[in-house]
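The values are calculated or read from the model by the stated rules, or taken from the named source; none is laboratory data. All values derive from a computational prediction rather than experimental measurement. Counting neighbours? That spans all protein chains shown, and the Cβs are built from the backbone with ideal geometry, glycine included.
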Amino acid sequence: MGDLRSLAERMKSDWDRRVSHDYRFWMSDGHRDDKDMWQSGERDFAILTGDIKNPQNKTLLEIGCGVGRLLHAAAPRFGRVIGFDVSDVAISKARELLRDYNNVELYAGSGYDLSPIQDSSIDVVISFAALASMPVGVAANYLCEAARILKPDGDLRLQIYLGREQEVYEDDTLHLRCFTHENFRKAAEAAGFTVNTIEELILPIQVSVKEIGLEAVIVKLRRNNSLSVADSSQVAKLLLPSGEKQARRETTISELEYWMALNYARDLVDRGEIEHARETLEYAISQVRDSSVDASELINYIANAVAGERALENEKVSVKERSDYFNRNMAVIKRRFNTLYHTLEQIRADDADLQVGDTPEGRVLVRKGQCLDHQQKPATAAKVWAERLLSDSRFKQADKIAVYGFGSGYHLESLIKLGGKDLLVIEPDPRVLLKALAIRDLTDLLESLSGLALAERVDKDFFEGNVELAIRPQSQVGTAEILQRVKTLFYGERGFSALHPTIGVLGPVMGGTLPIGGYTLRSLLGLNQRARLFEMSAFAGGMNQLEQFVKEDFRKAALRGHYIEMLSQIVIESINEKPIDILICMAQAPVSLRALEYCRQKGIITVLWFVEDYLRFTYWKSVAAYFDFVFTIQRGECLSAIKSAGAGEVHYLPVACDPVVHTPLELSEEEKERWGSPISFVGAGYHNRQQMFASLANLPFKIWGTEWPQCKPFDRLVQEEGRRLKPEEYVKIFNATDININLHSSTERDGVDPYGDFLNPRTFELASCGAFQLCDERAYLSEVLEPGKEIITFKNRHDLQDKIRYYLERPEERREIAERAREKVLAAHTYNHRIHEMLSVIYSSKFEQLKRREKESPWTRMLERSKIDPELHERCKAAFERGEEPNLDGLVSDIVAGEGKLSETEQKLMFLFHVRKQIIRMTEERTGAKGPK
Amino acid sequence: MNSGIMKRRYPEKDRVLLVNITRLGDMLQATPTIAGMKMENPDCKITVLVEKQFEGICNIIPNIDEIVGIDLGMTVRSLAREQDGIIDAYEYVSEVVDDLRIKNFDYCLNMSSSAYTAILLNLLGIKRRGGWASDEEGYRVIESEWARLFATSVFHQNRQFNSLNLVDVFRCSADVEQHPKKLLVDVPQDASDYIDNLLREAAFTTEGPLIAVQAGASQGKRQWATEKFIELIDHLTYKYKARVVLTGTKKELPIIEPIKAGCRSENVFVVAGRTNLPQLAALLQKSAILVTGDTGPMHMSVAVGTPVVSMFLASAYGYETGPYSEGNLILQPVIECGPCNPNKDCARPDCHDQIDPQALAELVAMRIERDVKNLPQGLFDPARVIVYRSFFDQFGFCDLESINTSAGDPWQRYRNAYRKLWLDDLGGFPIEQENKPETKILQVAEEFPGINEITSRAEKGRALIDRLLELIRDTSSEPRLLGQVSEKLSELDREIEQIGYHFAPLGPLTRMFIFAKENLSGTDAAGLASQMGRVYDDLKRRSRKLVEYY
């Protein structure tokens, strides 16, 4: 191994050169401007550190900070921020770019250590995409240095590559190093760290190259308190036991750098940045002395452009050009996939960003500069990919493989050739498919496919049978949303049959969300999930009582905090006793950040169903980072805001109705008298409602609910002293009322909120009861119920008054509208639908994690071993499905004496049950110790 | 011995399984039954199913042909591992069941009331059985009237009305009439040699009697105080030049060492923790006497023929579990709260003070000399402690006679009456009875609160059953009527139960009634009604007999 000092010199000279040429390209993926670069920095920084608590009190240090792409995101968040980079040029640029921040310190370091930094003085050390391009010895030394400067329990967050080791020269500062998971773990532990999590890094651009075993990952490590740590040479040995190839001591840039620069120059040409393209071309050509890469065409292309003759060498093939290939291919599609054929016929899309490239092995498609196949050897790379795929046990065991991404079809041909599997193909971009059909003869391939569909048209039936889904990384780029849909369909649906997680639902202590916890549980059980509810409403009395003891708000808040901490502990203990795999927290659920962190450490998937207006209730800001999934009742900015607050995934999921509770009722005359009225409203007395309903005081109008003023006219309108109603009570009101008013709450606006978007539960519940409602206009309403046909809306007070008058006189019209609304919500808007969707999302995203967890779960082994006795096996299965724990109590919980003859298996289990009871009792007697009963 | 008199369900047995899983005392107390089976049928093969750790003690019990050990400790450890452990435990129990089934037992006796042995019996599918078992639906049942009497007698509220030693009740539950009138163990020669060596180590300086003292007790409230033991031993060593050995287990050393430390004489030797069960048997065999509480070593001493002087403190009750051989001395404190409930702790065991250590030393010395049938006046005040001597009655049942009082305690009359009742009614033994005229019987009934209520309800029960049977047979009868009668019967049974709680001396009678009711079997309505009719008949007959014997 070369000595660290000389390796560092090489790093310094390489990076000074590159940064001098173009810091945004070499240090941050070639962003067009700094704003783009900062945005990507924000994204990556959130991925790396989003879950770090109280950053304002902490010091963060970045190894390999470059020009400060991530520090720009760190500075406003962390108390003190330190950046280290080997390149003076980069540090000098970073000083310029970050001059507005006075909490940032920048060091052009030695390139292999962090020497000015004192021991145990830093809270968080990060490094993004830097360690991978460092010689192993240097990277190992940085690991040891990070351990030295971190406080005990300090965090180290790295973006590196794990998978298959790559052959890289020791002095190469550009090629990516990759270590095996096992070696990395050993090295990190030897350096003094505990590896907490390793997760794949998914970005909108391709970051992993799985064909060659290179997986981009985010590793979260914690400085452990072990005293003895290995020295850096030992750590390096553990990282890469075989060591790196000896240094070549090249004086010029590597082929990779040359090739990257040329391609960048071409992109610059395509972007119209001709001058910079010229500089880049010069950079590439002047630095390289000799290269085996034949880049003559590329150079000509750039040079021509630079010379003002922008002559694209690409073959121009219009989407609709009826080339021979296209006609022949389409003929097969027409015969075999007729629906798809008609869809493709309808498409009139612009394909200006799709280009065709030539390679010795055939033509390839390039979309926005990204080649959808290997840009030089598409057929060879496709074969490698296909072999690798088929060697994976998951795919080996499948009868069919569904491939996401048609590309130019090379990989599909390889799969067909290697054979044995039915092939289904989903293409996210119809233009890609059309263009591929135009540039190659794909008739044989199309004849061999078992299915071909566009991603947005695919449905769950497409995946019928023993199918595995393979996602082509190239096709993934830029199709995140549609890919999510496909994954949700595939894994979500498969999850329902293949996964058996235990799901805990944590309801709130009180408030309007309370019943939704119960509806969620019922739906989970209805969907045959193993679920249980942490029913917290019994603690409401305690919560209210706390408020009676003190007057000052800050004391109340402190007490509430303590109380929630205690309730959280109750939940934790319950989880420890009966483990769960997924925790669904309803909005306002009493769970502390500590408890959520604990759950995540236990590998529990945390979910928040935030059924509140995110603008009014903003506590999501502090909790989002603790949830793997947040489901919201709003879209648009709500999703991105919660996502940038650190939530794993954020999805839109409106509330719904529970037809078991929200149902048409036959009411007695007495009940009609008590609950009924020509016009009713159920809900709390928000500002806009008071303002609106005061004008209805002369009508036969009843108001039910809390927080209404006790003055006129409400003293007359509000029923039963404005008490809180139970769901079964307001269902009676809905049923007994001719016109139910549904005005969404607003604390700011008068009357109807013109910006109102989400729908409240009442919208669905009224519809499910078959009750007629007049609802204020809402942005999302027409997606659920068709205004005028299934629901009647009002814009303002006058409109409401007019419609009340109109509909009071037309019971038949009311009935018809309400019936249509009921039919609609039952078909698509029950909690069963919602929970199915929620689980589909979770299962699609966490399928492997849940599967692994299930595989490691004690039940799996117990079920396997119980096969020694068929009845025991059946009993185990039943206990598992009931959500029991894998213990004796779980197995015998449904055996009841006196309910029929006990089978032999049941008797044996009861024998064991009583043996245990007796022995415990006798032990207690003998030792005088009382154990838990 | 009056052989061949006893009423028996299963007098003939060839291949017997005795389930006696958990306690040392239980195992020793079963020895007369085991020996009796062999006496009645020398070819009978007897298998004992015991907890693994008691296999050792079974080796020194005569007449056992085969010992099957079941490792409950391991089973529970497996279960504690959960998951895999449950399957391991399940496989183990399956193996045990299979191994036992192939032995094709024709009779099984389980005198452990634990639920798991009851289930095991049902799993084994042995048709003829005694003691605790379970029915097909998992309910626990008690087969045989004697076993129900066993359960009745150990019911805390009923204990003072029982004078039958549980060893006899156990034996009768197994339908064994002949027996050796003592407990039995074999003392192996190597154990005897070991004790000789051990005693040499003691280097006693006197030649006085070797007295074994078992100071440790199974429960704190039965534990006689250290200073009382010291006073007792000092008296024995000084006045009678006794050589004292303190027996016990290693766990009991914290009780025993302070006693040794407090004794003035050097002739006190601690063997606690240094003997296994055969060696303990050998030691006791070499001792002149054992001074003890109601303990396992007490039964062991009896089994090797060494007399015992035993203090039945707190919950211990001499009649119930007293030393099962003739001529042992039992001290039962006279105290309002005793014998107390075994399941309740006691913060102030006053019963311990009823026994004077010096008087006890005198009694011990006396018993070493001779079989004590009466006591010098004033040695033990009968108002504080009753001293009993054990003996066997004419039917071969162990009994106790007081040797320091002629008055007896207030419950004695009930005890005598019940003894006669059960020997007559369950055992079929010919009890001599006074020919009481009707007026006398009525008078006695007056003195026996609640007995008339029981008798009349038993009669009413029989009448209701007859009506029920009529309705069942009459296919045209309204179901409503059947329901009414059933409801009345339920109400009647609740009343009978309540009478038993209210009038304590009727407890054994009503408890036997409840057990009988719980043991009705079958699903056929008429069959069940007929069985229930017999239960009322039994109650009526027994209540009448009780009055006669009272």
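Which members of the stretch A:868-918 meet the condition of being more than 7 Å from every other protein chain (Cβ to nearest Cβ) and of a type in the set (F, W, Y)?
Hits for the stretch A:868-918 are A:F880, A:F913.
What number goes with the only condition from (1) of a type in the set (S, T, Y); (2) in contact (Cβ under 8 Å) with a residue 24 or more places away in the chain; (3) surrounded by fewer than 13 Cβ atoms within 10 Å (Cβ to Cβ) that A:S497 does not pass?
(2)
Kindly evaluate B:I126 against the criterion of being of a type in the set (V, I, T), in contact with a strand residue (DSSP E or B) (Cβ under 9 Å, 6 or more places away or on another chain) and part of a loop (DSSP other than H, G, I, E, B). Full working, then the answer.
Working: of a type in the set (V, I, T): yes; in contact with a strand residue (DSSP E or B) (Cβ under 9 Å, 6 or more places away or on another chain): yes; part of a loop (DSSP other than H, G, I, E, B): yes.
Judged against the criteria, B:I126 is a match.
A:M27 passes all but one of (1) over 35 Å from the mean Cα position of the chain (by Cα); (2) crowded, with 18+ Cβ neighbours inside 10 Å; which number fails?
Every condition holds for A:M27 apart from (1).
Taking the stretch A:772-804 as the region of interest, how many residues are touching a residue at least 60 places away in the same chain (Cβ under 8 Å) and out of contact with any Gly (no Cβ under 7 Å at 6 or more places or on another chain)? So that I can check it myself, show each step before the final result.
Let us first name the residues in the stretch A:772-804 that are touching a residue at least 60 places away in the same chain (Cβ under 8 Å), namely A:780, A:784, A:797, A:800-801, A:804.
Add one more test, that the residue is out of contact with any Gly (no Cβ under 7 Å at 6 or more places or on another chain), and what stays is A:780, A:784, A:800-801, A:804.
Count: 5.
Could you identify the single residue in A:K400, A:K417 that is among the basic types (K, R) and either under 29 Å from the mean Cα position of the chain (by Cα) or at positive phi (or both)? Please lay out each step first, then the result.
Working: A:K417 fails: either under 29 Å from the mean Cα position of the chain (by Cα) or at positive phi (or both).
Matching residue, one of A:K400, A:K417: A:K400.
Every residue in the stretch A:86-134 that is in contact (Cβ under 8 Å) with a residue 60 or more places away in the chain, over 19 Å from A:L156 (Cα atoms) and of a type in the set (A, V, I, L, M, F, W, C), please.
A:V86, A:V89, A:A90, A:L97
Among the residues of the stretch A:594-616, is there at least one that is crowded, with 22+ Cβ neighbours inside 10 Å, assigned to a helix (DSSP H, G or I), in contact (Cβ under 8 Å) with a residue 12 or more places away in the chain and among the β-branched types (V, I, T)?
no
Taking only pairs six or more apart or across chains, which ones have beta-carbon atoms under 8 Å, a first residue in the stretch A:837-866 that is more than 30 Å from A:T632 (Cα to Cα) and within 14 Å of chain B (Cβ to nearest Cβ), and a second residue that is among the acidic types (D, E) and surrounded by fewer than 19 Cβ atoms within 10 Å (Cβ to Cβ)?
What qualifies is A:P858/B:E82; A:P858/B:D84; A:T860/A:E854; A:R861/B:D84; A:M862/B:D84; A:R865/B:D84.
How about the stretch B:46-74: which of its residues are more than 14 Å from chain A (Cβ to nearest Cβ), assigned to a helix (DSSP H, G or I) and surrounded by fewer than 16 Cβ atoms within 10 Å (Cβ to Cβ)?
Selection gives B:E55, B:G56, B:N59.
Within 12 Å of another protein chain (Cβ to nearest Cβ), under 16 Å from B:L123 (Cα atoms) and in contact (Cβ under 8 Å) with a residue 12 or more places away in the chain - does that describe any residue in the stretch B:75-82?
First, the residues of the stretch B:75-82 that are within 12 Å of another protein chain (Cβ to nearest Cβ): B:75-82.
When the remaining residues are screened for being under 16 Å from B:L123 (Cα atoms), the result is none.
Taking every residue of the stretch B:75-82 in turn, none turns out to be within 12 Å of another protein chain (Cβ to nearest Cβ), under 16 Å from B:L123 (Cα atoms) and in contact (Cβ under 8 Å) with a residue 12 or more places away in the chain.
Within the stretch B:140-158, which residues are of a type in the set (V, I, T) and within 14 Å of chain A (Cβ to nearest Cβ)?
Quick first cut of the stretch B:140-158, residues of a type in the set (V, I, T) only: B:141-142, B:152, B:154.
B:V141 - this is the single residue of the stretch B:140-158 that is of a type in the set (V, I, T) and within 14 Å of chain A (Cβ to nearest Cβ).
Identify all residues within the stretch B:393-432 that are touching a Phe, Trp or Tyr at 6+ places or on another chain (Cβ under 8 Å) and small (G, A, S); write none if there are none.
B:S402, B:A417, B:G427
Quick grid of which residues meet (1) outside the structural domain of B:A35 (by TED's automatic domain parsing); (2) within 14 Å of the chain's Cα centre (by Cα):
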{"site": "B:G138", "(1), (2)": "no, no"}
{"site": "B:V141", "(1), (2)": "no, no"}
{"site": "B:S144", "(1), (2)": "no, no"}
{"site": "B:V154", "(1), (2)": "no, yes"}
{"site": "B:S163", "(1), (2)": "no, yes"}
{"site": "B:L183", "(1), (2)": "yes, yes"}
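Taking the residues in the stretch A:370-419 that are hydroxyl-bearing (S, T, Y) and in contact with a Gly (Cβ under 9 Å, 6 or more places away or on another chain) as candidates, determine which candidate is modelled with the highest pLDDT.
Once the filter is applied, the top-ranked residue is A:Y410.
Could you grab the pairs with beta carbons closer than 6 Å, sequence gap of 6+ or different chains, first residue in the stretch B:200-225 and within 14 Å of chain A (Cβ to nearest Cβ) and under 20 Å from B:A261 (Cβ atoms), second one among the hydrophobic types (A, V, I, L, M, F, W, C) and assigned to a loop (DSSP other than H, G, I, E, B)?
Final answer for the pair search is B:Q223/B:A217.
Looking only at residues that are more than 10 Å from chain A (Cβ to nearest Cβ), out of contact with any Lys or Arg (no Cβ under 6 Å at 6 or more places or on another chain) and surrounded by 23 or more Cβ atoms within 10 Å (Cβ to Cβ) in the stretch B:90-120, which one is modelled with the highest pLDDT?
Out of the qualifying residues, it is B:L109.
Could you please find all residues in the stretch B:36-75 being charged (D, E, K, R) and touching a strand residue (DSSP E or B) at 6+ places or on another chain (Cβ under 9 Å)?
At the first step, the residues of the stretch B:36-75 found to be charged (D, E, K, R) are B:38, B:40, B:43, B:45, B:51-52, B:55, B:65-66, B:71.
Within the stretch B:36-75, B:K38, B:K45, B:E51, B:K52, B:E55, B:D65, B:E66, B:D71 meet the criteria.
Could you tell me whether any residue of the stretch A:192-215 is hydroxyl-bearing (S, T, Y), in a loop (DSSP other than H, G, I, E, B) and modelled with pLDDT of 90 or more?
no
Among the listed residues B:E177, B:E137, which satisfies the condition of being within 14 Å of another protein chain (Cβ to nearest Cβ) and assigned to a loop (DSSP other than H, G, I, E, B)?
Values: B:E177 fails: within 14 Å of another protein chain (Cβ to nearest Cβ).
Testing whether each residue is within 14 Å of another protein chain (Cβ to nearest Cβ) and assigned to a loop (DSSP other than H, G, I, E, B) leaves just B:E137.
So which of A:N183, A:N141 ends up being part of a helix (DSSP H, G or I), touching a helix residue (DSSP H, G or I) at 6+ places or on another chain (Cβ under 7 Å) and surrounded by fewer than 19 Cβ atoms within 10 Å (Cβ to Cβ)? Spell out the reasoning first.
Details: A:N141 fails: surrounded by fewer than 19 Cβ atoms within 10 Å (Cβ to Cβ).
Only one candidate passes the filter, namely A:N183.
Take B:L277 and tell me if it is under 26 Å from B:E55 (Cα atoms), of a type in the set (A, V, I, L, M) and at pLDDT below 95. Full working, then the answer.
Details: under 26 Å from B:E55 (Cα atoms): yes; of a type in the set (A, V, I, L, M): yes; at pLDDT below 95: yes.
The answer is yes for B:L277.
Looking at A:K901, A:K846, which one is at pLDDT below 90, farther than 20 Å from B:D84 by Cα and crowded, with 21+ Cβ neighbours inside 10 Å?
Numbers: A:K901 fails: crowded, with 21+ Cβ neighbours inside 10 Å.
Of A:K901, A:K846, the one residue that is at pLDDT below 90, farther than 20 Å from B:D84 by Cα and crowded, with 21+ Cβ neighbours inside 10 Å is A:K846.
Has the stretch A:725-743 got at least one residue that is at pLDDT 95 or above, part of a loop (DSSP other than H, G, I, E, B) and in the same structural domain as A:L781 (by TED's automatic domain parsing)?
Yes, that holds for at least one residue.
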